[in-house]
Amino acid sequence: MVFLVLVLVVFGGSGGYVWWASAAPLAAPTVTSSAPSVAPGAKAEVRLPASGSMLVSVAGGESYLGPDAAGAWLSSGGDDARPIASIAKLVTALVVLDAHPLADANDPGPTIAYTEADTDLYDQYYVRGATIARMPDGLKLSLHDSLETMLLPSASNYATAIARWAYGSDGAYVDAARSWLSRNGLNSTRIVDATGIDDRNTSTPSDLLSLGRIAAANPTIAAIAATQWADLPAGPGNIENTNALLGTSGITGLKTGNLGDGTFNLLFTSVLDVGIGAPLHVLGVRLGGETRASANQDVVVLLESIRDGFHTLQVGTVGAEVGEITTPWGSSAKVVVAQNASIMTWSDTPVATSLDTTTPEKYADGEKVGTITWTAGPNTASADVKISGAIEEPTLWWRLTHPSELGG
């Protein structure tokens, strides 16, 4: 009542002004906004062994890890040739299958009739302390099951017998193996027998990575390498895979080998789920582990450190302020993020933020006024931005006393 009296006293003789001031359009509120920065995730600490050597390749994660990840992504210990021990049996299997290919992983292939000379290999390798498997007199076993017996328990007597069956003699097998290595570009690998017992069977990490790709692409070898045990009652009986890591950290193969302390090796494949949809396909080799347990641990630690390097990073939080709406008459409101948002990132990949806003129509509480988008590597996430709070109309007194602010 007092306000109306004052208006009448002050502007009583200017009724037209009062009418104009009360109805004049207002200038649009001022909207200011900026895209807030988002701190990246923690830097990945991929853990490689301090001794021996390791080389790792990762396929399926190039958009996160970089275009070279599927090649030689990470390494330690250099690329010098080292004894490969029973990893040589992978070469034996591939060279034998080169001469006697199997149609698929279930094809038994030809039957091998083992001779008395083959049976005598059991005792010969026993006295040398090599791994062996039972070979009864007069045994007849399919090529598939013979390869399984060679690869799972790493039976050296079967490795030599299969190589002789395929190529006629030890020397002929070695010649065939060296020819096969040359054709496949494995020029830093040396094979002197079918078993790997001789420490002159050597290779480099880079060659073994290539060997691993060839072996993993062979359906028969890949299936055998992923098998934990088999029961072949007519031949060796129950046999178990020397690769105790099968099923751990996604490991699916490929071959162990050792010649004693400080020479424990593992050529491994892993289908590693890191939360990005399709799993990563990791191929790696660990050479020169002190013990089997430590070599295995080195591989698991590596794989888990890769997994841990992927983060689900929260980038948007409901109510987070990204702007403000102000008016000449002092009423204001906030522009805020309307939904929570997160994004999958690798390591400390930078997160880019962009904010696109539109002019509000009503300047009403809850009105959508744009979108905020976050991008990190191959992934994007977005959320609406909205007005939080109501823009109140100016008072009549403000209108009457601020004529320069009126008229739109």
- Item | Simple spin-label estimate for L26 and S305 in nanometres, 7 Å along Cα-Cβ | 6.1
- Task: Report the paramagnetic label zone for D356: residues of region 309-349 whose backbone N is under 12 Å from a point 7 Å from Cα along the Cα-to-Cβ axis.
- Result: none
- Query: What dipole magnitude, in Debye to the nearest 20, does region 78-154 give about its Cα centre under +1 on Lys/Arg Cβ and -1 on Asp/Glu Cβ?
  - Reply: 180
- Determine the alpha carbon to alpha carbon distance for each of K140/K255; K362/K386; K43/K386 and list only those over 22 Å. K140/K255; K43/K386
- Looking at [x] 60; [y] 26; [z] 44, which value of percent of Cα pairs over 40 Å apart comes from a calculation on the structure shown? [z]
- Note on the structure: Which residues qualify? For L232, with a placed amide H closer than 5 Å and at least 5 residues away or on another chain, they are G237, N238, I239
- 15 Å cut-off, amide nitrogen to a point 7 angstrom out along A42 Cα→Cβ, residues in region 319-357: 345-349
- Task: About the Cα centre of region 53-308, how large is the charge dipole given +1 on each Lys and Arg Cβ and -1 on each Asp and Glu Cβ? Please answer in debye to the nearest 20.
- Result: 220
- Query: region 346-405: which GluC sites (Glu not before Pro) are DSSP loop and have at most 10 other beta-carbon atoms within 10 angstrom?
  - Reply: E361
- With a ≥ b ≥ c from the Cα gyration tensor eigenvalues, square-rooted, and the rule rounded for a/c under 1.5, otherwise prolate when a/b > b/c and oblate otherwise, region 348-408 is prolate
- Between region 244-309 and region 372-407, how many Å separate their Cα centres? 55
- What aspartates and glutamates could a cross-link reach from K334, if we take a straight Cα to Cα line under 18 Å and drop same-chain neighbours fewer than 8 places away? E321, E324, D356, E361, D365, E367, D384, E392, E393
- Among the trypsin sites (Lys or Arg not before Pro) within region 173-260, which fall in a DSSP loop and have no more than 11 other Cβ atoms within 10 Å of their own Cβ? R200
- Task: For region 236-333, report the convex hull volume of the alpha-carbon atoms normalised per residue, in Å³, without decimals.
- Result: 150
- What FRET efficiency would be calculated for the residue pair Q228, T380, taking the C-beta separation as r and a Förster radius of 56 Å, to the nearest 0.05? 0.85
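A short reminder: the numbers here are calculations on the coordinates, not readings from a lab. Because the structure is predicted, anything quoted here is derived from the model rather than measured. When we count neighbours, we look across all protein chains shown, and the Cβ atoms used for this are built from the backbone with ideal geometry, even at glycine.
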